[in-house]
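Shown next, in C-alpha cells, is the structure this report addresses.
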Amino acid sequence: MPQQSGLQVRAAVLTHYGEVAQGVGLNPQPLLGRVGLTQRMLLSPTQLIPFESAVALLELSAEESGCPTFGLQMARARKLSDFGPISLLLTHQPSTRMALHTISQYRHLLNEALGMHIEDAGKHTLIREELMTDRPGGARQSIEMAVGVLMLIFRAILGEHWRPVSAHFAHSAIADLHIYRQLLGCPLHFDGDFNGVTCLKADMDKPNSHADSAMAAYAQSFMDAIPKSGQSNVLLDVRRSAYLLLPMGRASVEQIASGLGMNVRTLQRRLDELGLSFSQVLNDVRKELAQRYIVSTKHSMGRVAEQLGYSNLSSFTRWFTVQFGCSPTDMRLHATEKTL
C-alpha cells in the first residue's frame with residue numbers, strides 16, 4: 001500500500017476508472033485493493049479517498065496493463081458532466097480564462113491536490129499544472145490525465161476542434177505518441193520544465209457564445225451552498241503555490257503571500273498557528289520535487305539544481321545529501337538499477 005500524505009480528494013478523480021481498466025484488459029477490483037481502495041468507494045463521486053492511493057492506482061494500472069497512456073485514456077473517457085454540478089457553472093462562464101479561474105475557486109469540489117498557474121506571455125498563455133504528491137517516482141499518469149482533462153474544458157467552450165499551440169511534460173516521451181497526438185492534436189514537448197499547455201491568449205479571452213449570465217449566477221449560488229470538506233487550509237494553499245512557483249524561481253514568501261491575497265505577516269501567523277514556518281513548508285516541497293526530478297526525469301543535475309532554486313550545483317548537492325543521506329547522482333543510479 002502506498003505511503004499516505006494525508007491529503008484526500010473526491011472519488012470523482014477516478015471517474016470511469018473501471019471501464020478504462022477493463023478496456024485495457026485489467027480486473028479493477030484486485031488493483032483497487034492493492035492501493036487501499038474498493039469499488040464501493042468509487043460509487044459516490046463525493047466520497048473522500050487518499051490522493052496518494054489514486055495516484056498509485058493509475059501508475060499501477062499502466063504498469064500492469066502495459067498501457068503507458070492509461071492516464072490519457074482516463075481523460076479521453078471524461079465528459080464535462082462528470083464534474084457534477086460545477087459543469088453547469090463552467091459551461092456558462094464568459095470565457096475559457098474565467099472557466100479556469102472558476103476551477104481554482106472551487107477546487108475543493110474537484111481536486112485540491114492539483115495546482116494551476118496561468119501566465120500570459122505576449123500572444124500566448126502558459127497554463128502550468130502540478131500535482132502535490134510525495135511519490136518519488138512521480139505521477140506521470142495523473143499528470144497526463146490532468147492535461148487531458150484541461151483539453152476537455154477548453155473544447156467545451158471553444159469547440160471540439162480546438163487545439164493548443166503546444167503541450168508540455170516534465171517526464172520523458174514514450175516510443176509511440178499516437179494517443180498523445182490524437183487527444184492533444186498539437187506539437188509535444190517532453191523533458192520540459194513544466195506540465196501543461198501553451199495556447200493563444202486570444203483563445204483564453206474569446207467570448208463564450210454559449211454563456212448565459214443568469215444560468216451562471218444560478219449555478220454559482222448552488223455551488224456556494226455546498227459545504228467545504230474542511231480540508232482546505234493555508235498549508236495546502238502554500239504547498240500548492242510552492243509546487244508551481246519553485247521551478248519558476250518565484251517561490252518567495254512575498255510572492256506566495258501576494259498570490260494568496262494576504263500580506264507576509266498574516267501568512268506567517270497562520271502557519272505559526274499550525275506549528276510551521278514558511279521555510280519548513282518550502283523545504284518539504286523542495287524535497288518532494290527533488291526526488292521527482294532525480295528519479296523520474298532525465299534532467300541534468302545542474303538543471304535540477306536550478307529548478308529547485310540553487311544557483312550552483314555544489315550547494316544543491318550539499319543540501320540534497322543532508323536531506324536524503326546520499327548524493328543526487330547516487331539516488332538516480334539506484335532508481336535506474338531498480339528499473340533494470
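Brief remarks follow.
- Fewest-first ordering of R250, R128 by other beta carbons within 10 Å of each residue's beta carbon gives R250, R128.
- Principal semi-axes in Å for the stretch 183-275 [√(5λ), Cα gyration tensor, largest first]: 30, 25, 13
- Binned Cα-Cα distances of the stretch 1-99, short to long, each 10 Å bin given as a whole percent: 15, 44, 29, 11, 1
- Over the chain, relative contact order from alpha-carbon pairs under 8 Å, at least 6 apart, %: 17
- Cα-Cα separations in the stretch 234-339 greater than 15 Å, expressed as whole percent: 63
- Gain upon complete extension [R34, L80; 0.36 nm per residue less C-alpha separation]: 13.6 nm
- Applying 1/(1 + (r/R0)^6) with r as the Cβ-Cβ distance of V24 and L333 and R0 = 35 angstrom yields a FRET efficiency of 0.65.
- Around R303: net Lys/Arg minus Asp/Glu count, Cβ-Cβ under 11 Å: -2
- Residues Q47 and L235, FRET efficiency given R0 of 25 Å [Cβ-Cβ distance, rounded to 0.05]: 0.60
- 10 Å binning of all Cα-Cα separations within the stretch 79-206, expressed as whole percents from 0 upward: 12, 46, 35, 7
- Trypsin sites (Lys or Arg not before Pro) lying in DSSP loop within the stretch 45-98, provided at most 11 other Cβ fall within 10 Å: K79
- For the residues S53, S314, S142, a GNM of the chain with alpha-carbon springs under 10 Å puts the largest fluctuation on S314.
- Debye log10 I(q)/I(0) at q = 0.25, 0.27 Å⁻¹ for the stretch 84-134, Cα point scatterers: -1.02, -1.09
- Rh by Kirkwood over Cα pairs, then Stokes-Einstein D for the chain at 1.567 mPa s and 4 °C, µm²/s: 62
- Among E273, E130, E59, the largest mean-square fluctuation in a Gaussian network model of the chain, built with springs joining Cα atoms closer than 10 Å, belongs to E273.
- With the helix formula -39500 (n - 2.57) applied to DSSP H stretches of n ≥ 4, the chain reaches a computed 222 nm mean residue ellipticity of -15000 deg cm²/dmol.
- Between the stretch 266-292 and the stretch 182-227, the Cα center-to-center distance that results, in Å: 30
- If only the Cβ of Lys and Arg carry +1 and only the Cβ of Asp and Glu carry -1, the dipole of the chain around its Cα centre is close to 160 debye.
- Positive end of the dipole of the stretch 26-88 (Cβ unit charges, origin at the Cα centre): among S65, A77, I49, the Cα lying farthest that way belongs to A77.
- Separation of the stretch 304-340 and the stretch 76-143, taken as the distance between their Cα centroids, equals 30 angstrom.
Any read-out appearing in this document is the output of simple, stated calculations on the displayed coordinates, not a laboratory observation. Quick caveat, the model's predicted, so the values are computed rather than measured. Positions of Cβ are generated from backbone atoms using ideal geometry, with glycine treated the same way; all protein chains shown enter the neighbour counts.
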